[in-house]
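Chemist: Before anything else, here's the structure in question.
The values are calculated or read from the model by the stated rules, or taken from the named source; none is laboratory data. Given the structure is predicted, the values throughout are model-derived calculations rather than measurements. Every residue, glycine as well, gets a Cβ built from its backbone with ideal geometry; the counts of neighbours run over all protein chains shown. Areas reflect the complete protein model, heavy atoms only, side chains present, ligands, DNA and RNA absent. Shrake-Rupley method; radii C 1.70, N 1.55, O 1.52, S 1.80 Å.
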Amino acid sequence: MKDILIQRLSTYVQMDTQSDENSETCPSTPGQLALGKLLVEECTSIGLQDVTMDENGYVMATLPSNTDKDVPVIGFLAHLDTATDFTGKNVKPQVIDNYDGADIVLNSELDVVLSNKDFPELHEYKGHTLITTDGTTLLGADNKAGIAEIMTAMAYLIEHPEVKHGKIRVAFTPDEEIGRGPHKFDVAAFGAKYAYTVDGGPLGELEYESFNAAAAKITVRGTNVHPGTAKDKMVNSLKIAMELNRRLPVEEAPEFTDGYDGFYHLLSLEGDVELTKMSYIIRDFNREKFEERKTNLLHIANELKTKHGEKSIKVELNDQYYNMREKIEPVRQIVDIAHEAMTRLDIEPVIRPIRGGTDGSQLSYMGMPTPNIFTGGENYHGKFEYVSVDNMVKATRVIVEIAQLFEQHGDI
């Protein structure tokens, strides 16, 4: 199983599928369509049925039931795109067999080293087979490891008909990294009662809580005048932007928060005296506090309007997704089944909130409760990303075990 997982992941990550939030198409980049077409061919070749890809790049397929029991249809999903944080072009995966626990030189020419000092969890992977970057790109195991694991699990179930399961649906979706993954996802056509995204990180992750999330795009306008004659005339948009950011709580930023803490995150700020544009994301697990954060940002902007003029600031504030716990808690048994699947395989489940979101955050509100399970990767979205193939094998087995447990439990 390790060899086929290495082969699949190595093939997928070499396809550039980085999404683009500035694109208005779906998918936002052509590489995602290319990977989708490859997966259609692969799904068909391993024996899945009803294999489709629509004009928006959503791939769906079916593994028919092989039991007489009344079992709910379940789904497994992963996303096609890679993050916008770091380049995903020309990925050159490096396979390290029987990792010895030492620092890993990813790129000697650029002196890029994956070190135990900076990443102390590395010692946990001694003896594992690792796949790393070459130090110039991200790897793309988020979420191509999940794709490889779902494909390998489906192939295993097809090759082992003695393993009983109900009807299983799989889907591979575009543009998750820019928050659009489920926007054109046809829940009714997918037809699953429950689903799991295979989009987590280290071994044992089992997540059914996510942030409530919003995005703010702020335009600040000033007046540029020659600095020699600017007295009482110049309005510096950069300084207004800085004033706005300064009025947000300093300690409520990603670099100072963890656990259930929420935050304001300044993603970008660019401009000049005349015009400055800012981009924020707002996150909180508690819905009431989430609304308070949005209100606070708008209140600060309105006060600055009063000070600098009505046209000085424009705020576009949009909700992105909500905490999926609200929709999953009433059907907690789907979390319990994933928990049981892991414990049966001697994997210690690690239940904690996702300090981010998955497609499951939106899908749960679209009528399909969707927790998230691990893929086996670390340090996603950057050049120090890597994945344990040993833990990819375990993720694949968890998928198979979940399918078996639903069959054993019957209708839930």
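Chemist: Within the range 92-115, restricting attention to residues that are open to solvent by less than 40 Å² (accessible area, probe 1.4 Å), part of a loop (DSSP other than H, G, I, E, B) and out of contact with any strand residue (DSSP E or B) (no Cβ under 7 Å at 6 or more places or on another chain), which residue is nearest to residue 392 (Cα to Cα)?
Modeler: Applying the filter and picking the extreme gives 101.
Chemist: Give just the number: which of (1) out of contact with any Lys or Arg (no Cβ under 8 Å at 6 or more places or on another chain); (2) modelled with pLDDT of 95 or more; (3) surrounded by 14 or more Cβ atoms within 10 Å (Cβ to Cβ); (4) part of a helix (DSSP H, G or I) does residue 362 not satisfy?
Modeler: In the conditions (1) out of contact with any Lys or Arg (no Cβ under 8 Å at 6 or more places or on another chain); (2) modelled with pLDDT of 95 or more; (3) surrounded by 14 or more Cβ atoms within 10 Å (Cβ to Cβ); (4) part of a helix (DSSP H, G or I), residue 362 misses (2) alone.
Chemist: For residue 89, indicate whether it is loosely packed, with under 15 Cβ neighbours inside 10 Å, touching a residue at least 24 places away in the same chain (Cβ under 8 Å), touching a helix residue (DSSP H, G or I) at 6+ places or on another chain (Cβ under 7 Å) and not in a strand (DSSP E or B).
Modeler: no
Chemist: Could you tell me whether the range 59-70 includes any residue that is more than 21 Å from residue 4 (Cα to Cα), open to solvent by 10 Å² or more (accessible area, probe 1.4 Å), at pLDDT 95 or above and part of a strand (DSSP E or B)?
Modeler: Yes, the range 59-70 contains a residue that is more than 21 Å from residue 4 (Cα to Cα), open to solvent by 10 Å² or more (accessible area, probe 1.4 Å), at pLDDT 95 or above and part of a strand (DSSP E or B).
Chemist: Now, a different point. Being farther than 23 Å from residue 259 by Cα, at pLDDT below 95 and not β-branched (Val, Ile, Thr) is true for just one of 357, 309. Which residue is that?
Modeler: So the residue among 357, 309 that is farther than 23 Å from residue 259 by Cα, at pLDDT below 95 and not β-branched (Val, Ile, Thr) is 309.
Chemist: What is the residue count in the range 135-165 for residues that are over 16 Å from residue 392 (Cβ atoms) and either open to solvent by less than 20 Å² (accessible area, probe 1.4 Å) or polar (S, T, N, Q) (or both)?
Modeler: The number of residues fulfilling the criteria is 7.
Chemist: Report, by residue number, each residue of the range 48-58 that is under 14 Å from residue 168 (Cα atoms) and part of a loop (DSSP other than H, G, I, E, B).
Modeler: Scanning the range 48-58 gives a single hit, 48.
Rundown of residues vs (1) in a strand (DSSP E or B); (2) open to solvent by 10 Å² or more (accessible area, probe 1.4 Å); (3) not acidic (Asp, Glu), yes/no style:
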site: 320; (1), (2), (3): yes, yes, yes
site: 330; (1), (2), (3): no, yes, yes
site: 338; (1), (2), (3): no, no, yes
site: 369; (1), (2), (3): no, yes, yes
site: 382; (1), (2), (3): no, yes, yes
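Chemist: Is it the case that residue 233 is more than 19 Å from residue 353 (Cα to Cα), in contact with a strand residue (DSSP E or B) (Cβ under 6 Å, 6 or more places away or on another chain) and open to solvent by 40 Å² or more (accessible area, probe 1.4 Å)?
Modeler: When the stated conditions are applied, residue 233 does not pass them.
Chemist: Report, by residue number, each residue of the range 384-397 that is assigned to a helix (DSSP H, G or I) and farther than 15 Å from residue 170 by Cα.
Modeler: 389, 390, 391, 392, 393, 394, 395, 397
Chemist: For residues that are modelled with pLDDT under 95 and open to solvent by 20 Å² or more (accessible area, probe 1.4 Å), scanning just the range 177-198, find the one that is nearest to residue 146 (Cα to Cα).
Modeler: Ranking the qualifying residues of the range 177-198, first place goes to 177.
Chemist: Moving on. Please verify whether residue 84 is surrounded by 16 or more Cβ atoms within 10 Å (Cβ to Cβ) and more than 21 Å from residue 159 (Cβ to Cβ), treating the condition exactly as stated.
Modeler: When the stated conditions are applied, residue 84 passes them.
Chemist: For the condition part of a helix (DSSP H, G or I) and open to solvent by 70 Å² or more (accessible area, probe 1.4 Å), what is the one hit in 291, 348?
Modeler: On inspection, the qualifying residue turns out to be 291.
Chemist: Could you list, in sequence order, the residues of the range 116-147 that are under 30 Å from residue 46 (Cα atoms) and assigned to a helix (DSSP H, G or I)?
Modeler: 141, 142, 143, 144, 145, 146, 147
Chemist: Can you go through 304, 345 and tell me which one is under 12 Å from residue 244 (Cα atoms) and touching a residue at least 40 places away in the same chain (Cβ under 8 Å)?
Modeler: Selected residue: 304, the only one of 304, 345 that is under 12 Å from residue 244 (Cα atoms) and touching a residue at least 40 places away in the same chain (Cβ under 8 Å).
Chemist: If I ask for residues that are over 27 Å from the mean Cα position of the chain (by Cα) and open to solvent by less than 20 Å² (accessible area, probe 1.4 Å), which ones from the range 249-286 would you list?
Modeler: 276
Rundown of residues vs (1) in contact with a helix residue (DSSP H, G or I) (Cβ under 7 Å, 6 or more places away or on another chain); (2) polar (S, T, N, Q), yes/no style:
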position: 16; (1), (2): yes, no
position: 25; (1), (2): no, yes
position: 37; (1), (2): no, no
position: 40; (1), (2): no, no
position: 43; (1), (2): no, no
position: 47; (1), (2): yes, no
position: 61; (1), (2): yes, no
position: 69; (1), (2): yes, no
